Amino acid sequence: MSSLIETILFVFGLVALGYIAAVSGYLKAGAGEVLGQFAVGVAMPVLLFRTLSKVDFHGAAPWSLWAAYFSAIALSWVAGHLLVTRWLGRDARAGVVGGVSSSFSNLVLLGIPLLLGVFGQPGVDVLSLLISVHLPIMMMASIILFESFASTDGEVHPARILVNFLGKVFANPLIVGILAGLVWRATGLQLPSVAARLVDVLADVAGPVALFSMGAGLAAFGISGNVRPAMVLSAVKLVLMPAFALLFAWGLGLPPLTAKVVVVAASLPAGVNSYLIATQFGNGQGLASNQMTLSTLAAVVTTSLWLIVAGEIFG
């Protein structure tokens, strides 16, 4: 069995085990949610802190990396928005949910364990360059668009948008972990030995716990209604977005590893953040929930294929 196939089976196998444990009733009601809170609120922020406090940004060409990835996001977002508003006939705010669901990859809970297994720490270092700006940019874009479409006087209120954005950013433990890691890196200091051991033990369990809790979370969301639209948005996320990312990575001449990370990151399914954004603004929750579940199931095949394609093209 090749290391690539083994890694994919391991990563998605943990997701499947979490799903089976929850849907079968083996886990007590609410246990999956508690695991998810630990993963997102404690373990993953610590992992991000450790990664970003040690990562070497030299030679990673972040501007080209960001240009390739966020160009793919922009095109996929527009495609998802137009599908929801023009094809489904929903309002513009639901279109924002469609855009987010079509372009918001699960870079943390799924991306970090997968890329660590496939590309090792160098791949995670490249991914960390995306993670460091991904969530803030996606949140800001969502808030601006929701505020614009929800405005009754036709005007955008920058102060309200800024307050809303800052409140969501600094309440998000993942972003706190990112910022803390970058600040600590800037100091050039070493963690005390006891603190380093605590960081290491929490960071080392972050990936497995996150994947298991993700599977348990999918069991809670389930699938009900909006199946056909969710399938179409999943196709945009899993097929169109990585295709865009591959073209931009090739056109901008990204280094082989960076290009492969861009494509694989774009091929990942939508994460829970798309559902949380829909919930926060009270629009399109069912669509976002179904799309997240369906895209995660389909990604077992599609992300595997994009890994192979990226490897063939970029070496």
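The values are calculated or read from the model by the stated rules, or taken from the named source; none is laboratory data. The shown structure was predicted, so the numbers you read here are calculated from the model rather than taken from an experiment. Surface accessibility is based on the protein's heavy atoms, side chains included, excluding ligands, DNA and RNA. Shrake-Rupley method; radii C 1.70, N 1.55, O 1.52, S 1.80 Å.
Structure data summary
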| quantity | calculated |
| --- | --- |
| Whole-number percent relative contact order across the chain, with pairs defined as alpha carbons under 8 Å at least 6 apart | 33 percent |
| Whole-Å distance, taken between Cα centres, linking segment 229-296 and segment 58-97 | 9 Å |
| Heavy atoms of TRP306: accessible area, 1.4 Å probe, square angstrom to 10 | 40 Å² |
| Carbon and sulfur %, accessible surface of segment 188-315 computed with the full protein complex present, 1.4 Å | 70 percent |
| Order of exposure, largest accessible area first, which applies to GLU33, GLU147 with probe 1.4 Å | GLU33, GLU147 |
| Of PHE119, PHE49, PHE248, the one that fluctuates the most in a GNM where the chain has Cα springs shorter than 10 Å | PHE119 |
| Within the chain, helix-based [θ] at 222 nm, where runs of 4 or more DSSP H residues each add -39,500 (n - 2.57), nearest 500 | -25500 deg cm²/dmol |
| Probe 1.4 Å, all protein chains present, accessible-area order of VAL239, VAL169, largest first | VAL239, VAL169 |
| Solvent-accessible surface ranking, highest first, for TYR26, TYR69 at 1.4 angstrom | TYR26, TYR69 |
| Cα centroid separation - segment 109-151 against segment 171-223, whole Å | 14 Å |
| Rg followed by Dmax, in Å, when segment 175-254 is reduced to its Cα trace | 19.9, 53 |
| Reachable lysines from LYS260, criterion Cα separation under 25 angstrom, eight or more residues apart if same chain | LYS54, LYS237 |
| Coarse-grained scattering of segment 193-315 at q = 0.10, 0.13, 0.14, 0.18 Å⁻¹, given as base-10 log I(q)/I(0) from a Debye sum over alpha-carbon atoms | -0.41, -0.65, -0.73, -0.98 |
